[in-house]
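Shown next, in C-alpha cells, is the structure this report addresses.
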Amino acid sequence: MTRVVKIEKTGGPEVLKIETIELGKTGPEEVLIEQKAIGLNFIDTYHRSGLYPLKLPSGIGAEGSGIIKKIGSKVKDFSIGDRVAYAGVPLGAYSSERNYPTKNLVKIPEEIDFNIAAALMTKGLTAYYLLYKTYPIAPNETLLFHAAAGGVGQFFCQWAKSLSCKVIGTVGSEEKVSVAKKNGCDFVINYSKENFVKKVIELTKGKGVSVVYDGVGKNTFEGSIECLKMRGMLVSFGNSSGSIANIDVKKMIQPKSLYFTRPTMFHYLATKEEIKEGTDKLFEKIKLGKIKIDIFKKYNLEDVVQAHQDLEARKITGPSIIIP
C-alpha cells in the first residue's frame with residue numbers, strides 16, 4: 001500500500017490529507033519509484049491554495065528522488081535499481097511511492113545523495129533557466145535578486161557568482177543577511193531597514209542593473225522597475241507576496257524601453273533534451289563545489305500540514321525536504 005497526500009478542495013494547509021491507497025499498474029512508459037525524499041517548494045502552496053488551479057481531487061508536489069522498483073514495457077533508458085530524480089508534472093510527489101513517466105526523469109550521479117537531489121531539482125533548474133535561458137547573464141553584469149536567502153535564492157546567487165556576475169540580493173530580516181552573503185551575494189540589502197531602490201542606484205552609481213529576478217511579486221514590482229537600467233529586463237518568476245495586478249506599459253515600461261517577462265519552468269524545460277541539458281549543468285556545478293547545499297529542515301510526510309504552515313510563515317530559510 002502507498003501513502004499519498006491529496007487535496008479535494010483548495011484552501012489553507014488543513015486541506016492536505018494523507019490517504020493509503022493501492023497504487024495502479026505501472027504504465028508502458030512509466031517507472032515505479034520508491035521515494036526517498038520529496039522536495040518542498042513554495043509553488044506547492046500555490047497549487048494547494050488554488051492560485052494555480054488544479055483539477056480536483058489531486059496529488060501535490062512536483063519533485064522527488066528515489067529508486068526504480070519496476071519499469072514499464074516500453075522503458076529503455078532506465079533499469080530497476082537506478083537512482084533517479086525528477087521535477088515536473090504530473091504532480092503527486094508527496095507520496096511514499098509513485099508511478100512516473102520517464103520524460104522528466106534523470107539519473108542521479110553517485111556523488112549526490114537522495115536528499116540533495118530532491119531539494120535541488122526544482123530550485124536548481126529554476127536557477128538554470130533564469131540564468132541561461134530567460135536572461136542569459138554575461139560575466140561582469142550586475143543583477144538584482146529578491147529573496148536572496150530563500151530556497152531558490154541560495155542556489156541562484158551561488159550559480160550567478162560562479163559565472164562572474166556582480167550579485168545584489170535583497171532580504172527581509174537582519175538574520176538573513178549573512179545567509180545571502182554566504183551564498184554568493186556581493187551586496188545584501190535588508191529592505192525592512194533600507195529602501196532597496198535607492199541602495200541599488202547607489203551601488204550601481206546611478207546606472208541601475210541589467211536584470212532583476214523577482215520571485216516576490218506584488219510588493220517589489222514597482223521598485224524592481226525603478227532599479228533597471230535603460231533596456232533592462234524584469235524577470236517576474238514568482239508571487240510570494242501576491243500576484244502583480246496591473247502593468248501600466250506607458251508609465252512603467254516605455255520610459256526606459258524595458259523588457260518584462262513572466263517565465264514558467266515548464267516552458268523552458270518542456271523536453272527530455274532540455275531537462276538533460278539543465279541537470280547536466282546543475283550536477284556539474286554541485287560536483288565541482290560551485291553550488292553547495294545545506295538541507296535546512298526535514299519533515300516527515302505526516303507533518304505536511306506543518307511544513308506548509310512554515311513555508312507560508314517564512315520560517316523556512318533554505319532548501320527543505322519531506323521524508324516519505
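Considering (1) in contact (Cβ under 8 Å) with a residue 24 or more places away in the chain; (2) within 24 Å of Phe296 (Cβ to Cβ), the lone condition that Leu32 does not fulfil carries the number (2).
Only one of (1) in contact (Cβ under 8 Å) with a residue 24 or more places away in the chain; (2) part of a helix (DSSP H, G or I) fails for Val216. Which number is that? Status for Val216: all satisfied but (2). The number of residues in the stretch 1-47 that are surrounded by 21 or more Cβ atoms within 10 Å (Cβ to Cβ), under 25 Å from Lys76 (Cα atoms) and of a type in the set (S, T, N, Q) comes to 1.
Scoring Tyr213 on the criteria (1) open to solvent by 10 Å² or more (accessible area, probe 1.4 Å); (2) under 19 Å from the mean Cα position of the chain (by Cα); (3) under 29 Å from Ala245 (Cα atoms) leaves a single failure, condition (1). Remark: pairs (first residue in the stretch 308-324, without any contact (Cβ under 8 Å) to a residue 40 or more places away in the chain; second residue surrounded by fewer than 20 Cβ atoms within 10 Å (Cβ to Cβ) and assigned to a helix (DSSP H, G or I); Cβ separation under 9 Å; 6+ apart in sequence or on different chains) = Lys315/Gln309. For Val200, the criteria (1) out of contact with any Pro (no Cβ under 7 Å at 6 or more places or on another chain); (2) under 27 Å from Lys297 (Cβ atoms); (3) part of a helix (DSSP H, G or I) hold in every case but one, which is (2). In the set (1) surrounded by fewer than 23 Cβ atoms within 10 Å (Cβ to Cβ); (2) more than 16 Å from Lys290 (Cα to Cα), Ser164 fails one condition alone, (2).
Out of Ile244, Ile253, one residue alone is open to solvent by 30 Å² or more (accessible area, probe 1.4 Å) and modelled with pLDDT under 95. It is Ile244. Would you point out the residue of the stretch 256-272, among those that are assigned to a helix (DSSP H, G or I), touching a residue at least 24 places away in the same chain (Cβ under 8 Å) and not charged (D, E, K, R), that is surrounded by the fewest Cβ atoms within 10 Å (Cβ to Cβ)? Top of the filtered list is Phe266.
Would it be correct to say that Ala119 is open to solvent by less than 20 Å² (accessible area, probe 1.4 Å), of a type outside the set (S, T, N, Q) and in contact with a Pro (Cβ under 6 Å, 6 or more places away or on another chain)? Walk me through it before giving the result.
Working: open to solvent by less than 20 Å² (accessible area, probe 1.4 Å): yes; of a type outside the set (S, T, N, Q): yes; in contact with a Pro (Cβ under 6 Å, 6 or more places away or on another chain): yes.
Yes: the conditions hold for Ala119.
The condition of being in contact with a Gly (Cβ under 6 Å, 6 or more places away or on another chain) and either in a helix (DSSP H, G or I) or touching a residue at least 40 places away in the same chain (Cβ under 8 Å) (or both) does not hold for Ala160.
Kindly check whether there is at least one residue in the stretch 141-150 that is out of contact with any His (no Cβ under 6 Å at 6 or more places or on another chain), outside any strand (DSSP E or B) and polar (S, T, N, Q). I'd like the intermediate steps shown before the answer.
Going through the stretch 141-150, the residues out of contact with any His (no Cβ under 6 Å at 6 or more places or on another chain) turn out to be 141-150.
Retained after the next criterion (residues that are outside any strand (DSSP E or B)): 141, 146-150.
From what's left, polar (S, T, N, Q): none.
No.
Take Ala307 and decide whether it is open to solvent by less than 50 Å² (accessible area, probe 1.4 Å), out of contact with any strand residue (DSSP E or B) (no Cβ under 6 Å at 6 or more places or on another chain) and either under 24 Å from Ile33 (Cα atoms) or not in a helix (DSSP H, G or I) (or both). So Ala307 fails the test.
Per the conditions (1) of a type in the set (A, V, I, L, M, F, W, C); (2) buried (at least 17 other Cβ atoms within 10 Å of the Cβ); (3) closer than 26 Å to Trp159 by Cβ; (4) more than 15 Å from the chain's Cα centre (by Cα), the sole criterion not satisfied by Val235 is (4).
The values are calculated or read from the model by the stated rules, or taken from the named source; none is laboratory data. Remember, it's a predicted structure, so these values are computed and weren't measured experimentally. So basically every Cβ, Gly included, is an ideal-geometry build from the backbone, and we count neighbours across all protein chains shown. These accessible areas exclude ligands, DNA and RNA; they are computed on the full protein's heavy atoms, side chains included. Shrake-Rupley method; radii C 1.70, N 1.55, O 1.52, S 1.80 Å.
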